[in-house]
1. How do the pairs read when you match residues in the range 47-62 that are loosely packed, with under 14 Cβ neighbours inside 10 Å with residues anywhere that are basic (Lys, Arg), using Cβ under 9 Å and keeping only pairs 6 or more apart or on different chains?
2. Within the range 145-157, how many residues are buried (at least 19 other Cβ atoms within 10 Å of the Cβ) and in contact with a Ser or Thr (Cβ under 8 Å, 6 or more places away or on another chain)?
3. Within the range 32-50, restricting attention to residues that are closer than 17 Å to Phe166 by Cβ and of a type in the set (D, E, K, R), which residue is farthest from the chain's Cα centre (by Cα)?
4. If we only count strands (runs of 3 or more DSSP E) wholly inside the range 170-239, which ones have 2 or more residues that are within 21 Å of Asp133 (Cα to Cα), at pLDDT below 90 and touching a Pro at 6+ places or on another chain (Cβ under 8 Å)?
5. Are any residues in the range 1-46 within 17 Å of Val69 (Cα to Cα) and surrounded by fewer than 18 Cβ atoms within 10 Å (Cβ to Cβ), and if so, which ones?
6. Residues in the range 2-31 that are more than 15 Å from the chain's Cα centre (by Cα) and either on the phi < 0 side of the Ramachandran plot or at pLDDT 80 or above (or both): how many?
7. Taking interchain pairs and intrachain pairs at least six residues apart, which have beta carbon atoms under 7 angstrom, with the first residue in the range 1-19 and closer than 14 Å to Ala60 by Cβ and the second at pLDDT below 95 and among the hydroxyl-bearing types (Ser, Thr, Tyr)?
8. Suppose we filter the range 237-247 for residues that are in contact (Cβ under 8 Å) with a residue 40 or more places away in the chain and within 15 Å of the chain's Cα centre (by Cα); how many remain?
Amino acid sequence: MTPIIPMEYAERRLISAAINDYPGSVNDLRGCLNDSRQAKDICLTHWPDFDVRRLLDQEATLAAFKSMVSGAIASLKPGATVCVISDSCFSATNTRLIDARGVELGHLNKNRFYATPGEPTRLISRPFFPRSDIKWIAISACGETQTAADAYINDSYHGAFSWFAFRLLKSGITYRHWFTLIRQYLPSTEFDQMPTIEGPDYLLDSLVCSGNTLFIHNSTHGTTLTGIAEEDIDEAICFWDRNLRDNEYFELLNKIA
């Protein structure tokens with residue numbers, strides 16, 4: 001059992017896991033650490049009391065992420081808002097803009113999908129959180145059969161979704177309005193990914209960061225895996241050492257009071 005990192009109460013907290021440097025150079029990304037930095041900077045600009053916890057590259061193990069998230073959830077007050085912001089692919093379209101020599105082609109975009117060695121991948125057929133009774137908000141970078149772009153934007157690399165999402169984050173708007181603003185930019189002629197949002201109406205229509213709030217952000221590779229039964233499909237976030245399957249993430253978040 002993963003030990004929980006104890007955390008004191010914080011009115012607003014950000015946990016951000018970002019990995020550019022995956023084991024083996026072929027799967028490296030470029031924009032994830034920039035996404036995490038941007039998330040931190042924007043949150044602190046609008047709400048200086050944010051407690052920010054970041055797991056970067058090899059720090060972002062599955063155990064470390066689960067421990068940090070569990071500790072943060074345990075510190076929340078009843079009625080707190082948890083918003084999961086996922087910037088990774090949950091698609092079987094493994095398009096990598098690399099030439100035959102394994103050299104990346106200039107500033108072309110790269111998809112954040114990872115075919116996990118030793119684990120068969122399958123086409124997605126359902127959302128990452130396939131339940132109607134979730135107690136949190138989940139905003140994802142793309143649809144269930146799409147990829148999320150690791151892109152060259154504004155003279156540096158970012159996840160296209162994270163770039164727009166955090167640029168548009170501000171006080172005084174609801175989560176639903178925030179998502180509407182994001183959808184004005186994605187999909188676009190350059191990025192065909194269509195962000196999604198899930199969550200109960202009472203959370204979607206609440207003001208962003210208006211009370212006890214936990215943001216859980218990942219900027220990483222994503223993948224799809226065959227479940228326990230052959231017909232089952234699991235979506236997963238690729239951490240440094242292991243994948244976090246959707247059902248496991250659901251159980252982790254379902255401890256929200």
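The values are calculated or read from the model by the stated rules, or taken from the named source; none is laboratory data. Please read all numbers here as calculations on a predicted model, not as lab measurements. In this analysis, Cβ positions are derived from the backbone assuming ideal geometry, glycine residues included, and neighbour counts consider all displayed protein chains.
1. Close Cβ pairs (under 9 Å, with a partner that is basic (Lys, Arg)) amount to Asp49/Arg12.
2. 3
3. Filtering the range 32-50 down to residues closer than 17 Å to Phe166 by Cβ leaves 32-48, 50.
Okay, now just the ones that are also of a type in the set (D, E, K, R), so 35, 37, 40-41.
Values: Asp35: 10, Arg37: 14, Lys40: 14, Asp41: 17 Å.
Step by step, filter the range 32-50, then rank; the result is Asp41.
4. Numbers: elements: 196-198, 213-219, 221-226, 233-238.
So the answer is none; nothing clears 2.
5. Met1, Thr2, Pro3, Ile4, Ile5, Pro6, Glu8, Tyr9, Glu11
6. Kept after step one, since they are more than 15 Å from the chain's Cα centre (by Cα), are these residues of the range 2-31: 2-13, 21-28, 30.
Retained after the next criterion (residues that are either on the phi < 0 side of the Ramachandran plot or at pLDDT 80 or above (or both)): 2-13, 21-23, 25-28, 30.
So the answer is 20.
7. Partner pairs satisfying both residue conditions: Ala17/Thr220; Ala18/Thr220; Ile19/Thr220.
8. Let us first name the residues in the range 237-247 that are in contact (Cβ under 8 Å) with a residue 40 or more places away in the chain, namely 237-244, 246.
In the following step, the residues that additionally are within 15 Å of the chain's Cα centre (by Cα) were identified as 237-240, 243-244, 246.
So the answer is 7.
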